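Only one structure is covered here, and it is reproduced in the block below.
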Amino acid sequence: MDERVPRRWWTGPFDVERLARTTVEGLCGAADELATSRGFEVALGTTPELIAASFAAYENLRRDGRAPAVWAELSGFVAARDGWVRLHGNYPHHAAVIREVLGVDGRRGLERAASRWNASDLEEAITAAGGVAVAVRTRTHWEAHPQARAASDAPWSEVSDRGDRPGPGGPADRRPGRGAGHGGFEAADGHERGGRNLLEGVRVLDLTRVIAGPTCSQVLACLGADVLRIDPPQRPEILEQHLSTGMGKRSAEVDLRRDADRVRTLAADADVILTGYRPGALERFGLGTETLEEIAPQAVIVSLSAWGEGGPWGSRIGFDSIVQAATGIAVDCGTADRPGALPVQALDHASGHLMAARVLEALARSRACTIRISLLGAAHQLLSGPPPPEVEPAALRIPRVRLDSAVGTLDLVPPPLLIDGRTIERPVGDYGAADASWRG
């Protein structure tokens, strides 16, 4: 990246730009390694505009010219009797828990009810009922927490090598007549981009939700992988979240309570398996990490968690905003009167791009690996980093591409990769419309 471009894009006490640039440049390096391993002669790169805009892909989405609602009514900070609590009620089932625990319907009743609770008690009550809430902590308070101590030495990403695997796309005859380096695709601008399907023939089973995991799988899909995302019909993804990270993927609905065998069969033939539910949630369906290692010994398996997989919170649900609030980031980003937040959901996006980089590295080296990544690791990376440079933020252009879809005209930020100087966008498939099967 040209070092003459603006170094500072956002405001705040953390060097979010450094985290964003480092992870995306790492992704570029991994894609370059894969291209070399597959015999592609391409130039990989990125720009500050692409990085900055992609780290706010959801906020920058426009559907028929309209921006999405970022937060639901019951999400955000509420004042408790002795501090603050961050709630996450964007999903209807999580909002229902908040209403049930506090006995409220709307925001005004929520704030009155929360003021009668101690922050830690409200955190535990909502969490125990299956919701998502966390008491807002200072850095010092967090460092003394049992989960912080349990994860203090854990790396952001941990890679366990399980041995050799076939070439990047599995069996060479998986797609007759379409070997690596000979495929092409038509981009949104109508131009044929031959020889740029770096992941031609790679099958990716996507069992992730929200932002980090889908960010990873979108990168893989836009590099040519057959990405099949599976969601439960009883708890569908928020549509705008699907749209903002849905380029190039196929989306299917499968109820694991009745049809887990179908997904296990898909896993057995996958080259990459991404999981992003809380640790332990998929085990009862025979889709836990250890079981997947047995079902798919050839696969690159990624396990994404909020808090890491050990410690007292290892199996707890969490989101980017929740991890920010727990670890002291929200306090440092706020004022004396109220906590705040990072300018973008950087823990999610950075972790998603790190996931993609680790997958590309494993495929390039023909290794079957199990990769563990946590949002908490991204938070620790940010907290331990140097402060941002003391320069004024520069306004950057938002690079969007226009795509037609079944739900309207979409203006979207493509993944932050350039191949031979051009973006890698692909169409967004209809949510839940695909068959739960592999192509070819």
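Where the alpha-carbon atoms of segment 189-335 are placed on the principal axes, they occupy 51, 40, 28 Å, in descending order.
Calculated mean residue ellipticity at 222 nm for the chain: -10000 deg cm²/dmol, from DSSP H runs with n ≥ 4 weighted as -39500 (n - 2.57), summed, divided by the residue count and rounded to 500.
Calculate, in nm to one decimal, what LEU239 and VAL159 gain on full extension: separation in residues at 0.36 nm each, minus their alpha carbon distance.
Values: separation 80, 0.36 × 80 = 28.80 nm, distance 3.22 nm.
Extending this stretch completely gives an extra 25.6 nm.
When the alpha carbon coordinates of segment 28-72 are projected onto the principal axes, the ranges are 45, 19, 19 Å, largest first. Using 5 Å bins from zero, what percent of all Cα-Cα pairs in segment 301-436 falls into each bin? Pairs per bin, as whole percents: 2, 8, 12, 14, 16, 18, 15, 10, 4, 1, 0.
According to the calculation over all Cα-Cα pairs in segment 349-421, the P(r) per 5 Å bin from zero is 3, 10, 12, 14, 17, 19, 14, 9, 3, 0 %. Please name which of THR11, ILE230, PRO389 has its Cα lying farthest along the dipole of the chain towards the positive end, using unit charges on Cβ (Lys, Arg +1; Asp, Glu -1) and the Cα centre as origin. Comparing the listed Cα positions along the dipole, ILE230 ranks first.
Using alpha carbons only, what's the Rg to Rh ratio of segment 4-115 with Rh from Kirkwood? On the Cα set of segment 4-115, Rg over Rh gives 1.16.
Using the alpha carbons of the chain, what is the convex hull volume per residue in cubic angstrom, as a whole number?
Output value, Cα hull per residue: 140 Å³.
With all protein chains kept in place, the per residue accessible area of the chain amounts to 40 square angstrom at a probe of 1.4 angstrom.
Relative to its residue count, segment 383-423 spans a Cα convex hull of 177 Å³ per residue. With all pairs of different C-alpha atoms in the average, the Kirkwood value for the hydrodynamic radius of segment 224-291 is 13.0 Å. Expressed as a whole percent, the accessible area of the chain that falls on carbon and sulfur atoms is 47 (1.4 Å probe).
Taking the Cα centre of the chain as reference, the dipole from Cβ charges on Lys and Arg (+1) and Asp and Glu (-1) amounts to some 420 debye.
Once you treat every alpha carbon in segment 261-354 as an equal point and sum by Debye, what is log10 I(q)/I(0) at q = 0.16, 0.20, 0.24 Å⁻¹? Evaluating at q = 0.16, 0.20, 0.24 Å⁻¹ gives log10 I(q)/I(0) of -0.74, -0.97, -1.18.
For segment 66-179, the calculated P(r), taken from all Cα-Cα distances in 10 Å bins from zero up to the bin holding the longest distance, is 12, 31, 20, 14, 14, 9, 1 percent. Where the centre of each part is set by its Cα atoms, how far does segment 38-88 sit from segment 259-334, in angstrom? Going from one Cα centre to the other spans 21 Å.
For the chain, the longest stretch holding no GluC sites (Glu not before Pro) located in a DSSP loop with at most 16 other Cβ atoms within 10 Å is which? That would be 74-389.
The values are calculated or read from the model by the stated rules, or taken from the named source; none is laboratory data. No experiment lies behind these values; they were computed from the predicted model shown. Please note: Cβ atoms are built from the backbone with ideal geometry, for glycine as well, and neighbour counts cover all protein chains shown. Please note that ligands, DNA and RNA were not included when accessible areas were found on the heavy atoms of the full protein model with its side chains. Shrake-Rupley method; radii C 1.70, N 1.55, O 1.52, S 1.80 Å.
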